[in-house]
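The values are calculated or read from the model by the stated rules, or taken from the named source; none is laboratory data. Note that this is a predicted model, so its numbers are computed, not measured. Here the Cβ is made from the backbone with ideal geometry for all residues, glycine too, and neighbour counts use every protein chain on show.
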Amino acid sequence: MTLTSPTKPGTKHRIVATPHLSQRRHFDATYLTFLVPALICFTIAITIPAAMGVFFSFTDSVGFGEYKMVGLSNYIALFTDPAIIGAYSFTIGFALVTVVLTNALAFLLAVGLTAQIRARVALRTIFVMPMVISGIVIAYVFNFLFSNTLPALGEFLGIEILKSSLLSNPNLAWLSIVIVTAWQAIPSAMLIYIAGLMAIPYDLYEASSLDGASAFGQLKHVTLPLMIGYIGINMIIGFKNFLGAYDVIVGLTNGGPGVKTRSIAMTIFTGFERGDYAYQMANATIFFIISLIIALFQLRLTNRGQAK
Amino acid sequence: MSLTLQQRLNKRSRARIGKERINWWATILLSFCALAVLLPLFVTVSMAFKSAKQAVDGKAFSLPKPLSIEGFTTAWEMVNFPRAFTISLLITMAAVLGAVLVASMASYAIHRNWNKRFYRYSFYYLLGAMFLPFPVLALSQVKLTGLFGLDNPVGVAILHIMFGLSFNVLLFTSFLRGLPGELEESARIDGASSWTAYWRIIFPLLAPMSATVAIFAFLGSWNDFMMPSLIIAEQADQTLPVVQQLFQTQFSNNYHVSFASYLMAMAPSVVAYLFTQRWVMSGLTQGAVKS
């Protein structure tokens, strides 16, 4: 049989021509020392806490000491707890409004910054700046603006609704959180849009303008259809991040007035203070499942984008 | 990489065509929008330099007259700025170094041994945590760090590194896949071990991606509030963003002191950003697009 090989030259020999690096050495301890310590630390820091959380969500633990298994009762209690339902509806509503506002503004800014403008570098530098500032610190600055400057402005202009602090208004306090969160989140969305806009071939605009398309027509018929993938990804990333909102809320309203602006993360963190650790772990598990569903959605969208 | 080439080409063609007319409309509109970013920062700076007498009226847009640094000296002592700053800096440095080294080494091992099941599964295992939000793990981590005696800045630095690991491994492995293998191949023929090959060949080649990872690790660590506030038990060991809480509870009318403190907390990252602006921008874009 071996004698027949010359009749099909190349079929076997081609494979051995360049052995891949990894195939040449069978065992190399260096690789293990590169990976295994990281895996161990990761397991202790991330995996075990995650498993602990899920495990304790089926117990009545207060965070320390003895506990017993209580089955699904924490989960059942969650679904009828007005504090939890309030936190979820606030957080999801806030995240939806913020994601739309953030992406609309980020998209417009990106279109503006890729147009033929003066001082492009200076403007882009300014617009990216919120990204490097700590969320809690800028929230404190806005806290001052909302509770001092805005009412003073309302007094000056005689606008009734502005006269009292936005932060203590039970119906409008959430707006302040939307504004500051968007202020901080716009740059990263904008950078993604700029990268997307830069990748659109200029010929398309040239061709469409030869066909007599207006600037608005180009935006609608050339830019938007090509950017739809970027918009989808940005919306999902933003939504996922906003669901975890914490810093900005602590800096602005700290959950108030009352518990009107308390986010999911804030309810989870009350687990130690109030001794309902196990209960909040059930809450955290639900929150994780929601994040996971969104992440899988994002992954599908990314993969589809790459397949194109 | 193809994107950046495309970008450059587009830029060139746009610049050529655009020489003819500049869109003043967009320039003016954007400059106006830039005020939304600049005004809160302007207020911070101007409030910080006011005297106690002037600051008390709470007028945001009046200029400081006379210029006073009393706010800074008071805040400096009140929050023990040197200590908070040093702790923040040490955590951030450890987190940046750790993020780059741990993730790139793990990625290199995974990339080279992709045909082995253990490494492949390790990759998916690490990646799985990308979707774990911190609030989900927080309480259990507080318990564990307390147990290990890591409820301090060291624990926060370790957690920062581990939280970033998933995303950073994804970035590094995808970058490694795009690198040509010839350089390492020839070093190997000359007898270099994996260790030498990593330090002499791979690590320098990874520099652009390391920069991206480092920038994100820096921003994430320096500006983090949630994790240190929960993990660090000793109030005196708190980081710079966390100590700003002080002004919400007490001394709430000494605006010049609180704003001086806010300014000192945000200035380091803003100044660093302004000086490395062009470099940071490309890093941020790369990271943002990959996420």
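Of all residues in region A:279-308, those being touching a residue at least 40 places away in the same chain (Cβ under 8 Å), more than 10 Å from every other protein chain (Cβ to nearest Cβ) and aliphatic (A, V, I, L, M) number 2. Of all the listed residues (B:112, B:83), the sole one being touching a residue at least 40 places away in the same chain (Cβ under 8 Å), within 7 Å of chain A (Cβ to nearest Cβ) and farther than 22 Å from residue A:47 by Cβ is B:112. Considering only region B:210-257, give the helices (runs of 4 or more DSSP H) lying wholly within it that have at least 2 residues that are of a type outside the set (A, V, I, L, M), within 12 Å of chain A (Cβ to nearest Cβ) and touching a helix residue (DSSP H, G or I) at 6+ places or on another chain (Cβ under 6 Å). Correct list: B:226-231.
Kindly check whether there is at least one residue in region B:152-159 that is under 20 Å from residue B:99 (Cβ atoms), touching a residue at least 40 places away in the same chain (Cβ under 8 Å) and not in a helix (DSSP H, G or I). Yes.
For region A:166-182, indicate whether the set of residues that are outside any helix (DSSP H, G or I), of a type outside the set (Asp, Glu) and in contact with a helix residue (DSSP H, G or I) (Cβ under 7 Å, 6 or more places away or on another chain) is non-empty.
Of the residues in region A:166-182, the ones outside any helix (DSSP H, G or I) are A:169-172.
Subset that is of a type outside the set (Asp, Glu): A:169-172.
Remaining after also requiring in contact with a helix residue (DSSP H, G or I) (Cβ under 7 Å, 6 or more places away or on another chain): A:172.
Among the residues of region A:166-182, at least one is outside any helix (DSSP H, G or I), of a type outside the set (Asp, Glu) and in contact with a helix residue (DSSP H, G or I) (Cβ under 7 Å, 6 or more places away or on another chain), which makes the answer yes.
For region A:95-118, the criterion of being at pLDDT below 90 and at positive phi is met by no residue. Specify the residue that is nearest to the chain's Cα centre (by Cα); the eligible residues are those in region B:120-134 that are facing chain A (nearest Cβ under 7 Å) and without any contact (Cβ under 8 Å) to a residue 40 or more places away in the chain. Among them, the one singled out is B:133. Out of A:150, A:157, one residue alone is more than 8 Å from every other protein chain (Cβ to nearest Cβ) and farther than 25 Å from residue B:256 by Cβ. It is A:157.
Can you go through B:176, B:230, B:219, B:170 and tell me which one is crowded, with 16+ Cβ neighbours inside 10 Å, out of contact with any Pro (no Cβ under 7 Å at 6 or more places or on another chain), without any contact (Cβ under 8 Å) to a residue 60 or more places away in the chain and not basic (Lys, Arg)? After ruling out the rest, the residue left standing is B:219. Restricting region B:38-74 to residues that are modelled with pLDDT of 90 or more and small (Gly, Ala, Ser) leaves a set whose member that is surrounded by the fewest Cβ atoms within 10 Å (Cβ to Cβ) is B:46. Screening B:105, B:162 for residues that are at the interface with another protein chain (Cβ under 7 Å from one of its Cβ atoms), modelled with pLDDT of 90 or more, surrounded by 18 or more Cβ atoms within 10 Å (Cβ to Cβ) and more than 20 Å from the chain's Cα centre (by Cα) leaves exactly one candidate, B:105. Pairs linking a residue in region A:237-257 that is among the hydroxyl-bearing types (Ser, Thr, Tyr) to a residue that is surrounded by fewer than 24 Cβ atoms within 10 Å (Cβ to Cβ) and part of a helix (DSSP H, G or I), with Cβ atoms under 6 Å and 6 or more positions apart or on different chains, are A:246/B:226; A:253/A:167; A:253/A:173.
Considering region A:214-256, the qualifying helices (runs of 4 or more DSSP H), each wholly inside and each with 3 or more residues that are within 13 Å of another protein chain (Cβ to nearest Cβ), crowded, with 20+ Cβ neighbours inside 10 Å and more than 13 Å from the chain's Cα centre (by Cα), run over A:247-252. Scan region B:219-232 and tell me whether some residue there is modelled with pLDDT of 90 or more and either more than 28 Å from residue B:270 (Cβ to Cβ) or among the β-branched types (Val, Ile, Thr) (or both). Yes, region B:219-232 contains at least one residue that is modelled with pLDDT of 90 or more and either more than 28 Å from residue B:270 (Cβ to Cβ) or among the β-branched types (Val, Ile, Thr) (or both).
Criterion applied to A:46, A:136 was being buried (at least 20 other Cβ atoms within 10 Å of the Cβ), in contact with a Phe, Trp or Tyr (Cβ under 9 Å, 6 or more places away or on another chain) and touching a residue at least 40 places away in the same chain (Cβ under 8 Å), and the one residue passing it is A:136.
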